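Enquirer: Mind looking over this structure? Questions follow.
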Amino acid sequence: MRLLVDLLARFTSVAALACLIFWPSIALTGTVGFSVDFSPNEVLLTNTGSEAAYRLSMWTLDGSEKWRRVPVLLGNADYLEPQQLIRGRRQMSGATSGLALGDPLLVMLFDKAGSRIAQLAWRQAPVAALDTLPTRRHGSQLYIQGDASAAKIVATYGITVPYAGVARLAQSFAAAEPPPDPLRHPWALWPAMTLDTGAAQAGVWLVHQTATGELQVQTVVDGAARGLEQVPAWLTWVRRHWARYVQALAGLGAFLLLTGLVLAGRQKFVEKLAK
């Protein structure tokens, strides 16, 4: 009995240790992130993540609130390694109202799998929306419904880069493929707005313009967990439950070790009484 307990204890301890060793390779993935510095005439973007960004492009608004590509003056935008930077020449819109007042910078890139990612930065960042509008999804469509909060909002700008998911990876892609222009929705004319977020339900930035001209941003997150369609179902399950089983194995190993010690002590006590 003691030998069996000892073997089980060693097995569970080794299994728990192996789980801890292999856990980082299963749970941890690389990241792509940026820091952005604005100057009057230029924008400086640095890759602060742990993965390279591919075919990166930057976009600012012109006077008609349409995206225009930022020319790159320095650096390699086709392959931006971690901690490397690119410098671009800012487009001056000259706008005195509307979304362009925030001077947004839309960054688009592809990860190493070929999936497109969009991130948004602001030279004059809007405040977080205090009154958010209700949203609901139906397939690739995101519906934003006006309610009592919309009475304080003159218009809402919808900024999104539709994401097609894993199906898009089988197609070729263009480095300079422009994003959809922001959609301006005046609430006095229509009670609801609709945005196409793609088959994989990409996230959306809703920028509300109040009667005073203030901009407030409401972020609608991705409707589906990005990247899961590229991961086997068993691996998704393992990522979700791995830590729980590591803890269970470690607990079982500790229990069996303690049981082995108790049995060993009991056997020595019996042997001592027998002498």
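Enquirer: Hey, could you check segment 185-216 for residues that are polar (S, T, N, Q) and assigned to a loop (DSSP other than H, G, I, E, B) and say which is nearest to Q124 (Cα to Cα)?
Expert: Of all residues in segment 185-216, those polar (S, T, N, Q) come to 194, 197, 201, 209-210, 212, 216.
Right, trim to assigned to a loop (DSSP other than H, G, I, E, B) and you get 197, 201, 212.
On the way: T197: 25, Q201: 28, T212: 16 Å.
Ranking the qualifying residues of segment 185-216, first place goes to T212.
Per-residue answers, yes or no, for (1) under 22 Å from the mean Cα position of the chain (by Cα); (2) outside the structural domain of D37 (by TED's automatic domain parsing); (3) closer than 26 Å to D37 by Cα:
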| position | (1), (2), (3) |
| --- | --- |
| Y79 | yes, no, yes |
| L85 | yes, no, yes |
| A121 | yes, no, yes |
| Q124 | no, no, yes |
| I144 | yes, no, no |
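Enquirer: For segment 98-116, indicate whether the set of residues that are of a type outside the set (A, V, I, L, M), surrounded by 14 or more Cβ atoms within 10 Å (Cβ to Cβ), at pLDDT below 90 and in a helix (DSSP H, G or I) is non-empty.
Expert: Yes: one or more hits.
Enquirer: Separate question: Answer yes or no: is there a residue in segment 174-189 that is aromatic (F, W, Y), out of contact with any Ser or Thr (no Cβ under 9 Å at 6 or more places or on another chain) and at pLDDT below 90.
Expert: The first filter runs over segment 174-189 and keeps only residues aromatic (F, W, Y), leaving 187.
Pick out the ones that are also out of contact with any Ser or Thr (no Cβ under 9 Å at 6 or more places or on another chain) and you get none.
The answer is no; no qualifying residue exists.
Enquirer: With the structure loaded, tell me whether D78 is acidic (D, E) and over 27 Å from W187 (Cα atoms) or whether it fails that test. Let's see the steps before the verdict.
Expert: Details: acidic (D, E): yes; over 27 Å from W187 (Cα atoms): yes.
For D78, the condition - acidic (D, E) and over 27 Å from W187 (Cα atoms) - is met.
Enquirer: Now, a different point. Can Q201 be described as at pLDDT below 90 and surrounded by 14 or more Cβ atoms within 10 Å (Cβ to Cβ)?
Expert: Details: at pLDDT below 90: yes; surrounded by 14 or more Cβ atoms within 10 Å (Cβ to Cβ): yes.
It is true that Q201 is at pLDDT below 90 and surrounded by 14 or more Cβ atoms within 10 Å (Cβ to Cβ).
Enquirer: What are the pairs, 6+ residues apart or on separate chains, where a residue within segment 66-77 that is free of Cβ contacts under 8 Å to residues at least 40 places away in the same chain has its Cβ under 8 Å from a residue that is surrounded by fewer than 17 Cβ atoms within 10 Å (Cβ to Cβ) and not in a strand (DSSP E or B)?
Expert: Once the first residue is free of Cβ contacts under 8 Å to residues at least 40 places away in the same chain and sits in segment 66-77, its partners that are surrounded by fewer than 17 Cβ atoms within 10 Å (Cβ to Cβ) and not in a strand (DSSP E or B) give R68/D62; G75/Q84; N76/Q84.
The values are calculated or read from the model by the stated rules, or taken from the named source; none is laboratory data. What you see is a predicted model, and the numbers here were worked out from it, not measured in a lab. In this analysis, Cβ positions are derived from the backbone assuming ideal geometry, glycine residues included, and neighbour counts consider all displayed protein chains.
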